[in-house]
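A.B. asks: Before I ask anything, here is the structure I am working with.
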Amino acid sequence: MSSKPRVLSGAQPTADSYHLGNYFGAFKQWVALQDEFEAFYFIPDLHAITVDYDPKLLPERTYIAAAQLLAAGVDPKRSALFVQSHVPEHTQLAWVLSGITGFGEAGRMTQFKDKTAKGGTDKASIGLFTYPILMAADILLYQAAKVPVGEDQRQHVELTRNLAQRFNHRFGETFVVPEAHILKATAKIYDLQNPTAKMSGSATSHAGVVNLTDDPKAAVKKIRSAVTDSGTEIRFDPAEKPGISNLLTIFSALTGRTITDIEAEFAGQQYGHLKVALGDIVGDFVADFGSRTRELLDDRGELDRILAEGADSAREVASQTLADVYRRSGFVPSQRG
Ligand code: TRP
């Protein structure tokens, strides 16, 4: 077994593709973390059913998610890549944790409040309410030290820490208390049409969202039609120039060049020049990413095999944690294994 500390994260399969924001905001760091950590990355399909969804679309979305994570550089030789529902320990631990989670405590989760702000809590599912408890189980099963997530998930990781400490205190040392690894602001990509909102798969219009498997021509068009700011100067200034700053961030993220360097290249030029240059770069990127993803999707046998191996490695760890939790919880051990 590896002596490296563990890292764990998941990205929901709620759209037909992940987008550029997921790639730079999350997956690139997941990939980098594989060097220093024993990594567990998974597709939280159990979380995806807490809101209205189509069961006919979910399997393909799950496969696409897996293929895109592999195309992004998640390495199944070093890391466990798996589907959450393949590891039943997630729901089993979630139930135990629900017994030590306060109703009021769960009710303070701002994501639940945000997601139900429009429709009201009467229309929300219990699953959406208890979602953070399942997320805590995801993390604690693997004794993960670090959890790379966006700012929007910070409170859920905080709840996870509280539950770990509470369980350890009441039932004896069982869980590693995890830390959130919040992604840097410079990696944040915004919607091209609404550059003060995060690029999001649930945006009402996808005109401002570059999906990782967009047709290259469509991606180029999205960049060229990006909303820009008043004025003419190409300068990184998120407060005054959110549109141009977002394009500069994407440029820098895709080329590895510094913002200063890119500003210098485009000094005295017009917004259109930046958009054309960036459009080409983004077009090449999605062409390459898309073809690698399709290759993986074309070999379902191999994809199934990778996910099965990932689930095996995950279960090895998860089953041990769950057995420990059951024993400490006072459940009589089953004689049937
Ligand atoms: N809730 C996370 C999101 O929507 C996804 C997720 C589920 C997750 N379980 C997790 C992230 C465990 C990190 C760790 O982004």
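The values are calculated or read from the model by the stated rules, or taken from the named source; none is laboratory data. Bear in mind the structure is a predicted one, so any value in this text is a computation, not a measurement. Cβ coordinates were reconstructed from backbone atoms using ideal geometry, including for glycine residues, and neighbour counts include every protein chain displayed. Heavy atoms of the whole protein, side chains included, go into the accessibility calculation; ligands, DNA and RNA do not. Shrake-Rupley method; radii C 1.70, N 1.55, O 1.52, S 1.80 Å.
A.B. asks: One-quarter of the Cα convex hull surface for region 225-337, in nm²?
C.D. replies: 13.1 nm²
A.B. asks: So in the chain, what percent of DSSP beta bridges are antiparallel if you round to the nearest 5?
C.D. replies: 20 percent
A.B. asks: Over 25 Å between Cα atoms, which of 188/241; 118/198; 115/221 qualify? Kindly include the intermediate steps, with their values, before the conclusion.
C.D. replies: Working: 188/241 15 Å; 118/198 19 Å; 115/221 31 Å.
Going by Cα-Cα distance, 115/221 fall outside the 25 Å limit.
A.B. asks: Could you rank the peptides 187-196, 12-21 by their average count of other C-beta atoms within 10 Å per residue, with the highest value first?
C.D. replies: Listed from highest to lowest mean packing, they are 12-21, 187-196.
A.B. asks: Now for a different question. Comparing 71, 137, 117, which has the greatest mean-square fluctuation in the GNM of the chain with Cα pairs linked when under 10 Å apart?
C.D. replies: Of 71, 137, 117, the most mobile in the Gaussian network model is 117.
A.B. asks: What ranking, highest mean first, results for peptides 99-105, 109-115, 214-220 when packing means the other Cβ atoms within 10 Å averaged over each residue?
C.D. replies: On the way: 99-105: 11.7, 109-115: 15.0, 214-220: 18.3.
In descending order of packing, they fall as 214-220, 109-115, 99-105.
A.B. asks: Specify the angular offset, from 0 to 90 degrees and rounded to the nearest 10, of the alpha carbon long axis of helix 58-72 from the longest principal axis of the alpha carbons in the chain.
C.D. replies: 70 degrees
A.B. asks: Quick one: which residues, 5 or more positions from residue 193 or on another chain, have an amide H under 5 Å from its amide H? H modelled 1.01 Å from N in the peptide plane, none for Pro or chain starts.
C.D. replies: The answer is 208, 227.
A.B. asks: What are the aspartates and glutamates whose alpha-carbon lies under 15 Å from the alpha-carbon of residue 4, with same-chain residues fewer than 8 places away excluded?
C.D. replies: Reachable aspartates and glutamates: 35, 36, 38.
A.B. asks: Using a Förster distance of 25 angstrom, determine the FRET efficiency expected from the C-beta separation of residue 155 and residue 125, and round it to 0.05.
C.D. replies: About 0.80, to the nearest 0.05.
A.B. asks: Show me the ranking of peptides 30-42, 158-170 by mean Cβ neighbours inside 10 Å, starting with the highest.
C.D. replies: Top to bottom by mean Cβ count within 10 Å: 30-42, 158-170.
A.B. asks: Between residue 300 and residue 117, 0.36 nm times their residue separation minus their Cα-Cα distance comes to what?
C.D. replies: Working: separation 183, 0.36 × 183 = 65.88 nm, distance 3.98 nm.
Contour length minus Cα-Cα distance gives 61.9 nm.
A.B. asks: Taking H as built 1.01 Å from N, whose amide H comes closer than 5 Å to the amide H of residue 39, not counting residues under 5 places away?
C.D. replies: Amide H to amide H, under 5 Å and 5 or more residues apart or across chains, residue 39 pairs with 7, 80.
A.B. asks: Looking at region 24-93, I'd like the Rg to Rh ratio, where Rg is from alpha-carbon atoms and Rh is Kirkwood's inverse mean 1/r.
C.D. replies: Dividing the radius of gyration by the Kirkwood radius yields 0.99.
A.B. asks: Grab the Cα-Cα distance for residue 224 and residue 100, subtract it from 0.36 nm times how many residues apart they are, and report the gain in nm with one decimal.
C.D. replies: Extra length from residue 224 to residue 100 when fully extended: 39.5 nm.
A.B. asks: Can you tell me the mean projection area, over all orientations, of the convex hull of the chain's alpha carbons? Units nm², please.
C.D. replies: Details: hull surface 74.8 nm².
If you wrap the Cα atoms of the chain in a convex hull and average its projections, you get 18.7 nm².
A.B. asks: Roughly how many percent of the accessible protein surface of the chain is carbon and sulfur, given a 1.4 Å probe and a whole-percent answer?
C.D. replies: Accessible surface attributable to carbon and sulfur in the chain totals 52 percent.
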